[in-house]
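K.L.:
Below: one structure in structure tokens.
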Amino acid sequence: MKIPMEIAERIDQTFQQAYNATHEPQFICAKAYIVMQSIVVNLMSSFPDKLVSVRLSRSTVLIADPNLLLSEEYLDRLKYWVDLMSEDLNKKNFGKLKLEFEDWYYYITSDGTIDFEYQKSYLLRTKEAMEMLNVSKPTLLTYVEQGLESANTTDHKKIPKHAVELWNESEAFIMQWVHQVRRMRVETDEDKLVRISAEIKKFEEVYEGPFGEVFGKLSSKEADERNDASNYYDWKDLEEMKAELQERMNKKKPQ
């Protein structure tokens, strides 16, 4: 299904008018939702050999901040998708298009997720993915933890073909970012605490001690001069996130 070119151009003009009329951010937000729904329909109709369904969760909430809605980047990205809807999507690279859509979805929303259900024939077995990436099973599992897409299914075929094909391309960064944002949105505080604690434990095992003993006396300037400065800041961020989580969870406990 395509949007006729003349309609796409009309919508483009409407978006530009809304952008110029800075008192109409809600109009732009509503248009973004309509376009987002159109993309879902177009993806399913254009790639039936790959997709069973695409669903936006009921918890989806579009960001209503006028500063974002009226920004040039927001409008440009919105117009980009309207223009794309007038093209034959089945001529596009599915994996890149899918990731591009997810990137936009998580850019314009503050809550919610997209769920893709794939045709079984489009999914790879773990062994197939290992062979295509030329890695061991532990390494593949590490990739999945880092963001290599894995379908939510009990079947032994879990890895979408595009995930393996794009893992060594620049799109892998988008895949990892989408994975992180999605995980943050679906995790409970308890889940986050378990995950963060596990990541902290890895640092403690490597450095043979807790953060306070290893880095506690360092200034930021001193940390920047170390070869492992990135570890310092990653670990520091994890400790701060853990403290914030524990404080929030304690406030939720009945007094």
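Values in this text are rule-based calculations from the coordinates and carry no lab data. Nothing here was measured: the structure is a model prediction, and the numbers come from that model. Every residue, glycine as well, gets a Cβ built from its backbone with ideal geometry; the counts of neighbours run over all protein chains shown.
K.L.:
With the Cα gyration tensor of segment 140-187 in hand, give its eigenvalues times 5 under a square root as the equivalent ellipsoid semi-axes, listed largest first in whole angstrom.
P.N.:
On the way: eigenvalues 51, 49, 14 Å².
The answer is 16, 16, 8 Å, longest axis first.
K.L.:
With the Cα gyration tensor of segment 76-226 in hand, give its eigenvalues times 5 under a square root as the equivalent ellipsoid semi-axes, listed largest first in whole angstrom.
P.N.:
With the √(5λ) rule applied to segment 76-226, the semi-axes are 34, 22, 16 Å.
K.L.:
When Lys and Arg each count +1 and Asp and Glu each count -1, what net charge do the other residues less than 12 Å away from K192, Cβ to Cβ, add up to?
P.N.:
Local charge sum for K192: -1.
K.L.:
Another one. Taking every pair of distinct Cα atoms and averaging 1/r, then inverting, what Kirkwood hydrodynamic radius in Å comes out for segment 47-115? Kindly include the intermediate steps, with their values, before the conclusion.
P.N.:
Numbers: mean 1/r = 0.0744 Å⁻¹.
Hydrodynamic radius (Kirkwood, Cα only) of segment 47-115 equals 13.4 Å.
K.L.:
Starting from the coordinates of the alpha-carbon atoms of the chain, obtain the Kirkwood hydrodynamic radius over all distinct pairs and give the value in Å to one decimal.
P.N.:
Final number for the Kirkwood radius of the chain is 21.2 Å.
K.L.:
Further question on the same structure: So for each of 108-119, 238-249 I average, over its residues, the number of other beta carbons within 10 Å; can you give me the resulting order with the highest mean first?
P.N.:
Going from most to least packed, we get 108-119, 238-249.
K.L.:
Now for a different question. Considering only the other residues whose Cβ falls under 14 Å of the Cβ of S121, what net charge follows from Lys and Arg at +1 and Asp and Glu at -1?
P.N.:
+2
K.L.:
Using 0.36 nm per residue of separation minus the Cα-Cα distance, give me the extension gain between S230 and Q176 in nm, one decimal.
P.N.:
Result for the pair: 17.6 nm of gain on full extension.
K.L.:
No solvent, one uniform scatterer per C-alpha: report log10 I(q)/I(0) for segment 188-252 via the Debye equation at q = 0.12, 0.15 1/Å, two decimals.
P.N.:
Cα-only, vacuum Debye calculation for segment 188-252: -0.33, -0.50.
K.L.:
Same structure again: Could you work out which residue, out of F47, F203, F173, moves most in a Gaussian network model of the chain, that is, has the largest mean-square fluctuation with Cα springs under 10 Å?
P.N.:
Looking only at F47, F203, F173, the largest GNM fluctuation is found for F203.
K.L.:
Rank the residues V144, V194 as a footprinting-exposure proxy: fewest other Cβ atoms within 10 Å of their Cβ go first.
P.N.:
Going from sparsest to densest Cβ surroundings: V194, V144.
K.L.:
If you add up the charges near A64, with Lys and Arg at +1 and Asp and Glu at -1, over every other residue whose beta carbon is less than 14 angstrom from its beta carbon, what do you get?
P.N.:
Taking every Cβ under 14 Å from that of A64, the sum is -2.
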